[in-house]
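Participant: Below is a structure I'd like to ask you about.
Read-outs: derived from the displayed coordinates by stated rules, not from any lab. What you are looking at is a predicted structure, and each value in this text was computed from that prediction instead of being measured. Methodologically, a virtual Cβ is constructed for each residue, glycine included, from the backbone with ideal geometry; neighbour enumeration extends over all protein chains shown.
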């Protein structure tokens, strides 16, 4: 009898557990990782062209989800080849030594309608720090190729000096050539992995 009661308890517990999260892969053709930074009196914009990652998405319990993002530092692109070469050098990202920028989530907490605070570890230029990103969930939709897609957006500001990226140049009139704060914007369209090969 005790064994039967134990088995029944186990089955009840398993039945109460949430369904396995769906695995969504980032679709780089419909996603963007971009940034901007002050240059003297204006803003310079750029992006990273090579990135990938996955979202383990539990649509019935989003706080139980997780995300992992990998960005190739050498793919930085500001549309000026000489500047991009400098950004890849040891003065900035030092891409030979630190080839990837990564973010791995640790917790997700609701912050309003379709918005969540996603806390995790951001590693850049060999420095790892815990950050919280305000993420907007764009929902899910069926695409024309039979796949299921989910969208996410976030924007934040980072102090590049906290990650050891400190190069700058003093101006004759005072101040510095570059700002320290970098505005980051990430827009992700992801596709459920069992249909990822069908995406366009």
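Participant: Apply the Debye scattering formula to the range 89-154, with a single equal point scatterer on each alpha-carbon and no solvent, then give log10 I(q)/I(0) at q = 0.12, 0.18, 0.27 Å⁻¹.
Facilitator: -0.48, -0.79, -1.06
Participant: State, as an integer percentage, the relative contact order of the range 20-198 based on alpha-carbon contacts under 8 Å between residues 6 or more apart.
Facilitator: This gives 25 percent for the range 20-198.
Participant: Here's a follow-up. Ranked from highest to lowest mean number of other Cβ atoms within 10 Å per residue, what is the order of the peptides 53-60, 90-97?
Facilitator: The densest-packed peptide leads the list: 53-60, 90-97.
Participant: May I ask for the distance between the Cα centers of the range 26-46 and the range 133-178, given as a whole number of Å?
Facilitator: 7
Participant: Given the convex hull of the Cα atoms of the range 105-200, what is a quarter of its surface area in nm²?
Facilitator: 9.2
Participant: Further question: Which order do the peptides 177-186, 121-130 come out in when sorted by mean C-beta neighbours inside 10 angstrom, highest first? Walk me through the numbers on the way to the answer.
Facilitator: Details: 177-186: 16.4, 121-130: 14.1.
Taking the mean over residues of other Cβ atoms within 10 Å, the ranking is 177-186, 121-130.
Participant: Tell me, what is the percent relative contact order of the range 82-169, built from C-alpha pairs under 8 Å that lie six or more residues apart?
Facilitator: 22
Participant: Using the 2.2 N^0.38 Å rule of thumb for compact globular proteins, work out how the range 20-198 stacks up: its C-alpha Rg over that value, please. Write down the numbers at each step before the final one.
Facilitator: Values: Rg = 17.5 Å, N = 179, 2.2 N^0.38 = 15.8 Å.
Its radius of gyration relative to the 2.2 N^0.38 Å reference: 1.11.
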